[in-house]
Amino acid sequence: MTTTTAEWLLEISGLTIGCNDSTDVVSRGHHLAAQVRSAAAAFCAATSCGPDGCVAGCPLATYDGGFTACHLASELAPDTPRNTTIDAHRAAMLYVQALRAASTAVFHCRRQAHPAGECWFSTDGTARCGDVLAVTHRLGG
C-alpha cells in the first residue's frame, strides 16, 4: 500500500526530480539528499541490516554493492527503529531509486556545499555524497 501520491509515482515509474535549468541547484540538492535519507530510514526500518551490511534475506544482497548500500543506509539513518509493517522489498526499491536520483546532486554538493564546510548528505558532520555516488555506481546507476 502506498502512503503518498509521490511515493506511488516514484514506485511505478522511477520518477526523479526534473532537471530544469531554472530550478535552484541548491534547493534541488537539499531535496534529493533528504529523499535519500528518508528512503534509507525506511529501508533500515524494514530490514535488520545495519552497519555490518546485509543480513540473511536482505533485498539488496543480490545487487553488486548491496552490502555497501546497506552499510550506507545505516549511516544515513542511524538508530532507526525497526518497523515490520514496511515491506522490505519495496523499501529497498525506493532506496535504490532515491540513490540513483540523488547521484546527480553529488557534483553540485561538492561545488556548492563543501567549500562552506557542509555536505547535503551528512547526518553527523561526515561528508557522505562520495559514498552515495560510489554506491549508486556499484548498484548499476
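The values are calculated or read from the model by the stated rules, or taken from the named source; none is laboratory data. Being a predicted model, the structure only gives us computed values, none of them experimental. Glycine also receives a Cβ, built like all others from the backbone with ideal geometry; neighbour counts cover every protein chain displayed. In case anyone asks, the SASA skips ligands and DNA or RNA and just uses the protein heavy atoms, side chains included. Shrake-Rupley method; radii C 1.70, N 1.55, O 1.52, S 1.80 Å.
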Which one is farthest from residue 39 (Cα to Cα) among residues in segment 75-127 that are assigned to a helix (DSSP H, G or I) and polar (S, T, N, Q)? 112
Residue hits (segment 98-126; open to solvent by 50 Å² or more (accessible area, probe 1.4 Å), within 17 Å of residue 73 (Cβ to Cβ) and under 15 Å from the mean Cα position of the chain (by Cα)) are 100, 123
Scan of segment 85-122 for residues that are of a type outside the set (A, V, I, L, M, F, W, C), without any contact (Cβ under 8 Å) to a residue 24 or more places away in the chain and over 24 Å from residue 138 (Cα atoms), ordered by number: 85, 115, 117, 118
Flag for residue 56 being open to solvent by 70 Å² or more (accessible area, probe 1.4 Å) and either at pLDDT below 90 or part of a loop (DSSP other than H, G, I, E, B) (or both): yes
Hey, among the residues in segment 36-53 that are among the hydroxyl-bearing types (Ser, Thr, Tyr) and part of a loop (DSSP other than H, G, I, E, B), which one's farthest from residue 100 (Cα to Cα)? 48
Residues satisfying the stated conditions in segment 128-140, i.e. modelled with pLDDT of 95 or more and in a loop (DSSP other than H, G, I, E, B): 128
Under 28 Å from residue 28 (Cβ atoms) and either surrounded by fewer than 19 Cβ atoms within 10 Å (Cβ to Cβ) or in contact (Cβ under 8 Å) with a residue 40 or more places away in the chain (or both): is that true of residue 66 in this structure? yes
